[in-house]
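Just below is one structure, and these are the notes that go with it.
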Amino acid sequence: MTERLRLVHLSDTHGCHRSLKSMPEGDILLHSGDFTNSGTDGELADFNNWLGELRRIYKHIIVIPGNHDWGKGISRFSRGDIPAKDMYDGTYLKKRLTNCTMLFHEGIVVEGLNIFGSGWDCWQSAGSPDKRYSDSVTEQLGVKAFKVRYSLIPPNSDVVLTHCPPRNILDCVEGSDSPWGSSQLLVEELVKKAPKVLLFGHLHEQRGYFQKNPSDGSFSGGVEYVVPPKNWVPKTKPVSKKIPCQVLSNNAMLNHGRMDKSSSYLAGSPRVITAQRVSGGGWNFGVQTYPVAK
């Protein structure tokens, strides 16, 4: 018997989720962070309500936070309004998102898939996630030695969600070939832990995906983001064969306003990833195209 699942990947919708007038059918909806611009109560409530409306379509909804989603929380924490524990273990955001499962350095088994979410920590730097954002925040949290928690990713996960990309994978900033906002520590964990799928976002201009060719271990794919009005595609780097993932998906959907000189809109669409396994075997994954957002 062959089992089949459809995963729907969203990322970096930045409060524009309601402009998605149609959503593809699927079994599991996964959002890899930056569902708000600043993490205000109003933004979080609206996103949570929208997820509630989608429960009629998806049996499971899984979310991790991105850097923008901590904005208001960091301000409140700095004033002493939020306990350190609620920031460290994600409770601050989990209490506000009741229509999904928020994974914060933890895993879950859904429909036979081992899914792990490594949510963005509020002390990470947006441009250099392997470094701290603020000494004062880490000191207030009681984090004596700065740490990035990608090491908690368990071996042989089927699907891992992070907000940032691994270093040198869909991480070239603003049309250059320079990496930004990506993690070398995450690369090291991918090589050691060998998840089959990595879902992320963070760099809007690097929205795209790569799939591994099982015959020779090479990757095909690239950037999907197109910069108007001349419709040029930002460069990116090839993926090393040492990366064990079958699918690498950056689906940061909001446009890059500085590059296309436009107000905010969703330039990308939900990405459908199919999962299939024959009884007794492991899961195999592939990317399925879906109509581009208009």
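The values are calculated or read from the model by the stated rules, or taken from the named source; none is laboratory data. Remember, it's a predicted structure, so these values are computed and weren't measured experimentally. No Cβ is skipped: glycine too gets one built from the backbone with ideal geometry, and neighbour counts run over all protein chains shown. With ligands, DNA and RNA removed, areas are computed over all heavy atoms of the protein, side chains included. Shrake-Rupley method; radii C 1.70, N 1.55, O 1.52, S 1.80 Å.
Observations, loosely collected:
- Filtered residue count, the stretch 17-38, keeping only those that are over 14 Å from T274 (Cβ atoms) and either over 17 Å from the mean Cα position of the chain (by Cα) or open to solvent by 30 Å² or more (accessible area, probe 1.4 Å) (or both): 8
- Total residues in the stretch 19-65, condition within 15 Å of L103 (Cβ to Cβ) and of a type in the set (A, V, I, L, M, F, W, C): 9
- Among the candidates P229, P244, residue that is modelled with pLDDT of 95 or more and open to solvent by 40 Å² or more (accessible area, probe 1.4 Å): P244
- Filtering the stretch 77-96 for residues that are surrounded by 17 or more Cβ atoms within 10 Å (Cβ to Cβ), touching a His at 6+ places or on another chain (Cβ under 7 Å) and modelled with pLDDT of 95 or more leaves an empty set.
- Residue check, V247 out of contact with any Ser or Thr (no Cβ under 9 Å at 6 or more places or on another chain) and touching a residue at least 24 places away in the same chain (Cβ under 8 Å): yes
- Being surrounded by 15 or more Cβ atoms within 10 Å (Cβ to Cβ), at pLDDT 95 or above, hydrophobic (A, V, I, L, M, F, W, C) and under 24 Å from S183 (Cβ atoms) is true of M102.
- Residue within the stretch 59-70 that is over 21 Å from F200 (Cβ atoms), open to solvent by 20 Å² or more (accessible area, probe 1.4 Å), assigned to a helix (DSSP H, G or I) and at pLDDT 95 or above present: no
- The residue that is least open to solvent (accessible area, probe 1.4 Å), among those in the stretch 166-175 that are of a type outside the set (A, V, I, L, M, F, W, C) and closer than 16 Å to K242 by Cβ, is P166.
- The residues on offer are S157, S178, S182, and the sole one that is touching a strand residue (DSSP E or B) at 6+ places or on another chain (Cβ under 7 Å), of a type in the set (G, A, S) and open to solvent by 10 Å² or more (accessible area, probe 1.4 Å) is S178.
- Within the stretch 30-45, residues that are on the phi > 0 side of the Ramachandran plot sit with their Cβ atoms under 7 Å from residues that are charged (D, E, K, R) and open to solvent by 10 Å² or more (accessible area, probe 1.4 Å), at 6+ positions apart or across chains, in these pairs: G39/K72.
- Every residue from the stretch 189-202 that is open to solvent by 30 Å² or more (accessible area, probe 1.4 Å) and touching a Gly at 6+ places or on another chain (Cβ under 7 Å): none
Matching residues to (1) farther than 19 Å from G39 by Cα; (2) of a type outside the set (D, E); (3) touching a helix residue (DSSP H, G or I) at 6+ places or on another chain (Cβ under 8 Å):
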{"site": "K59", "(1), (2), (3)": "yes, yes, no"}
{"site": "N67", "(1), (2), (3)": "no, yes, no"}
{"site": "Y88", "(1), (2), (3)": "no, yes, yes"}
{"site": "W123", "(1), (2), (3)": "no, yes, yes"}
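- In the stretch 187-195 there is no residue matching the filter, namely being touching a residue at least 60 places away in the same chain (Cβ under 8 Å) and either farther than 18 Å from I62 by Cβ or charged (D, E, K, R) (or both).
- Residue match in the stretch 142-158 (condition: among the aliphatic types (A, V, I, L, M) and modelled with pLDDT of 95 or more): yes
- Any hit, the stretch 203-221, residues being surrounded by 21 or more Cβ atoms within 10 Å (Cβ to Cβ), part of a loop (DSSP other than H, G, I, E, B), in contact (Cβ under 8 Å) with a residue 40 or more places away in the chain and in contact with a Pro (Cβ under 6 Å, 6 or more places away or on another chain): no
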